[in-house]
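Student: First the structure, which I've put down as structure tokens, then a few questions once you've had a look.
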Amino acid sequence: PEDTVTSSFASFIHAARPEHLSSTVRHRSKRMILDSIGVGLVGSTTRVFDIALRYCRLYSSVAVSSVYGKPGVKLSPTLAAFTNGVATHSMDFDDTWHPATHPSGAVLPALLAASQMLPPSTKPNGLDFLLAFNVGLEVQGRLMHFSTEAHDIPKRFHPPSVVGTLGSAAATAKLLSLSSAQCCHALGIAASLAGAPMANAATQAKPLHVGNATRLGLEAALLAARGMEANPLILDDIPGCSGFSAFYSIYQPKPLPTPSEHHEFLLEKQDIAFKRFPAHLGMHWVVDAALSVRNLFINYAGSFSPSLIRTIMLKIPVSKYINRPFPSSEHQARHSFQFNACAALLDGEVGLGSFSESSIHRQELRELLGKVVVEHPEDNVANFDKMYGEVALLLHSGDILTGKCDTFYGHWRKPLSKESLLKKFRSNASHVLPEEKIEAIITLVDNLENLSDSSQL
């Protein structure tokens, strides 16, 4: 059908051209690609990644696509996408957008795997790759704007498992140069492969959401390329027959205009948030607030002395799955306002080591957790664009010290500098790669538009 929401998305995917990418969009998306590769590389050192990789190596298939952090190991394209997607989200260290989702991890592994899958005569160049990546981002962002529910911290479905799957399908369909009709069917197929419940947050299963999104989107595009069809109205609001609206209680789809000379990608208007440490994005507000009040405390007492603290008051938004008073595992700790505030107070920083078994179960940290009281002010909403974190120390002396953060460093309102982003990438990549290869990746991504063969990534 013509003039439907779904057909408009398919037409956009098919018609998008490199010249539609502004310099701002190219710059921001290359930052995302570099950060996502680094996060995937350090993620390849985790237990959940090892589990996923061992599972994928059970299958004998055409092994042509590389695996993060494992030189010489190759898998089939779909399994490589899955494994690398798991690596990207294994530490909850990947980028976050608004409305809330993790956009890069759902798209980049599929494109990396697909670029290695294609025969030498049809390898996409770097500009093709960059365009496909941005098409995947655009589809995710547009879908999230169909529902006001998507603007808040999620309660039902994990967003990358929903919009990320369709974003991966769109990006791969673009890289494979599918027709408009095939792009439409790829979105429809992807919708039947999408969705994961929030109850698996803070478990080893959560990284599977991103792994599945990027893998299943790739599979949807490959199936559509081979003639599989799906509902051509999958994104439209059809009374009595839910399509993509099944994932949202409030759903008002709008067509995506065919790109013109003056098309403005969402990434132009809405920058990304990069994480400084590997935890749920909400933790970054309370950590910065905790570090602020810790400095006040040291100026007050001369050193950080937990015995002087009677109560630690956290003022945070209502979000059940990240309100965890006594986390017992690394994944729970990454999703605990209380843990991250106390770790920042105790250590003066939060980093990779903060989520080790020994760090989580320290007696002094447990004692601090026992002093935490949580409040949910009405003006502190569960929305990454509007929330804040506040940490108050109520001392035995009767004095009260308070730190507050409404925009952490790395948020889209306060972006990481180029130096900070490169420092994060080098630190992450150094866990598995030598310095010369790290610098080579930086150079490749920085000059992605000029790369003749994107599979070199």
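Student: Going through region 137-164 one residue at a time, which ones are part of a helix (DSSP H, G or I), open to solvent by less than 20 Å² (accessible area, probe 1.4 Å) and in contact (Cβ under 8 Å) with a residue 60 or more places away in the chain?
Tutor: If the condition is that a residue be part of a helix (DSSP H, G or I), open to solvent by less than 20 Å² (accessible area, probe 1.4 Å) and in contact (Cβ under 8 Å) with a residue 60 or more places away in the chain, then Leu137, Glu138, Val139, Gly141, Leu143, Ala150, Pro159, Pro160, Val162, Val163, Gly164 are the ones that fit.
Student: If you don't mind, there's one more thing I want to ask. Test of understanding: among Val381, Val445, which residue is of a type outside the set (Lys, Arg) and closer than 26 Å to Ser44 by Cα?
Tutor: On the way: Val381 fails: closer than 26 Å to Ser44 by Cα.
None of the others qualify; the one that does is Val445.
Student: Now for a separate question. Is it true that Arg366 is open to solvent by 60 Å² or more (accessible area, probe 1.4 Å), free of Cβ contacts under 8 Å to residues at least 60 places away in the same chain and of a type outside the set (Asp, Glu)? Steps first, please.
Tutor: Numbers: open to solvent by 60 Å² or more (accessible area, probe 1.4 Å): no; free of Cβ contacts under 8 Å to residues at least 60 places away in the same chain: yes; of a type outside the set (Asp, Glu): yes.
No, not satisfied.
Student: Write out, first by first residue and then by second, each pair whose Cβ atoms fall under 6 Å of each other, whose residues are 6+ apart or on separate chains, and whose first residue, in region 20-35, is in contact (Cβ under 8 Å) with a residue 12 or more places away in the chain and among the hydroxyl-bearing types (Ser, Thr, Tyr) while the second is in a helix (DSSP H, G or I) and surrounded by fewer than 21 Cβ atoms within 10 Å (Cβ to Cβ).
Tutor: From region 20-35, the pairs are Ser22/Glu268; Thr24/Glu268.
Student: Pick from region 175-223 the residues that are aliphatic (A, V, I, L, M) and within 16 Å of His280 (Cβ to Cβ): which of them is surrounded by the most Cβ atoms within 10 Å (Cβ to Cβ)?
Tutor: Initial filter on region 175-223 (aliphatic (A, V, I, L, M)): 175-176, 178, 181, 186-187, 189-191, 193-194, 196, 198-199, 201-202, 205, 208, 210, 213, 216, 218, 220-223.
Of the ones still in play, those that are also within 16 Å of His280 (Cβ to Cβ) are 196, 198-199, 201-202, 205, 210.
On the way: Ala196: 22, Met198: 19, Ala199: 12, Ala201: 21, Ala202: 22, Ala205: 14, Val210: 32.
Per the stated criteria, the residue is Val210.
Student: Sort through Leu58, Leu21 and tell me the only one that's touching a Leu at 6+ places or on another chain (Cβ under 7 Å) and either aliphatic (A, V, I, L, M) or over 30 Å from Glu229 (Cβ atoms) (or both). Walk me through it before giving the result.
Tutor: Working: Leu58 fails: touching a Leu at 6+ places or on another chain (Cβ under 7 Å).
None of the other options fit; the residue is Leu21.
Student: Report those helices (runs of 4 or more DSSP H) wholly inside region 243-350 carrying at least 1 residues which are more than 30 Å from Ala230 (Cβ to Cβ), open to solvent by less than 40 Å² (accessible area, probe 1.4 Å) and modelled with pLDDT of 95 or more.
Tutor: Helices (runs of 4 or more DSSP H) meeting the threshold: 283-301, 330-333, 337-347.
Student: Restricting to region 1-20, count the residues that are open to solvent by 10 Å² or more (accessible area, probe 1.4 Å) and either part of a helix (DSSP H, G or I) or under 14 Å from His263 (Cα atoms) (or both).
Tutor: Of the residues in region 1-20, 10 are open to solvent by 10 Å² or more (accessible area, probe 1.4 Å) and either part of a helix (DSSP H, G or I) or under 14 Å from His263 (Cα atoms) (or both).
Student: In contact with a helix residue (DSSP H, G or I) (Cβ under 6 Å, 6 or more places away or on another chain), of a type outside the set (A, V, I, L, M) and outside any loop (DSSP other than H, G, I, E, B): is that true of Lys423 in this structure?
Tutor: Spelling it out, it is not the case that Lys423 is in contact with a helix residue (DSSP H, G or I) (Cβ under 6 Å, 6 or more places away or on another chain), of a type outside the set (A, V, I, L, M) and outside any loop (DSSP other than H, G, I, E, B).
Student: List the pairs whose first member sits in region 369-380 and is closer than 18 Å to Leu395 by Cα and of a type in the set (Lys, Arg), whose second member is outside any loop (DSSP other than H, G, I, E, B) and open to solvent by 60 Å² or more (accessible area, probe 1.4 Å), and whose Cβ atoms are under 9 Å apart, counting only residues at least 6 apart or on separate chains?
Tutor: From region 369-380, the pairs are Lys371/Arg310.
Student: Which one is modelled with the lowest pLDDT, of the residues in region 38-64 that are part of a helix (DSSP H, G or I) and in contact with a strand residue (DSSP E or B) (Cβ under 9 Å, 6 or more places away or on another chain)?
Tutor: At the first step, the residues of region 38-64 found to be part of a helix (DSSP H, G or I) are 38-43, 47-56.
Now drop any that are not in contact with a strand residue (DSSP E or B) (Cβ under 9 Å, 6 or more places away or on another chain), which leaves 53, 56.
Values: Leu53: 90, Cys56: 83.
Per the criteria, the residue is Cys56.
Student: A follow-up question, please. Taking the condition touching a strand residue (DSSP E or B) at 6+ places or on another chain (Cβ under 7 Å) and surrounded by 24 or more Cβ atoms within 10 Å (Cβ to Cβ), does Ala80 pass?
Tutor: yes
Student: Filter region 404-440 down to the residues that are surrounded by 19 or more Cβ atoms within 10 Å (Cβ to Cβ) and under 16 Å from Trp97 (Cα atoms) and list them by number.
Tutor: Of everything in region 404-440, those that are surrounded by 19 or more Cβ atoms within 10 Å (Cβ to Cβ) and under 16 Å from Trp97 (Cα atoms) turn out to be Phe408, Gly410, His411, Leu416.
The values are calculated or read from the model by the stated rules, or taken from the named source; none is laboratory data. From a predicted model like this one, the values you see are computed outputs, not experimental measurements. Heads up, the Cβs are rebuilt from the backbone with ideal geometry, glycines too, and the neighbour counts pull from every protein chain shown. Side chains included, ligands, DNA and RNA excluded: accessible areas come from the protein's heavy atoms. Shrake-Rupley method; radii C 1.70, N 1.55, O 1.52, S 1.80 Å.
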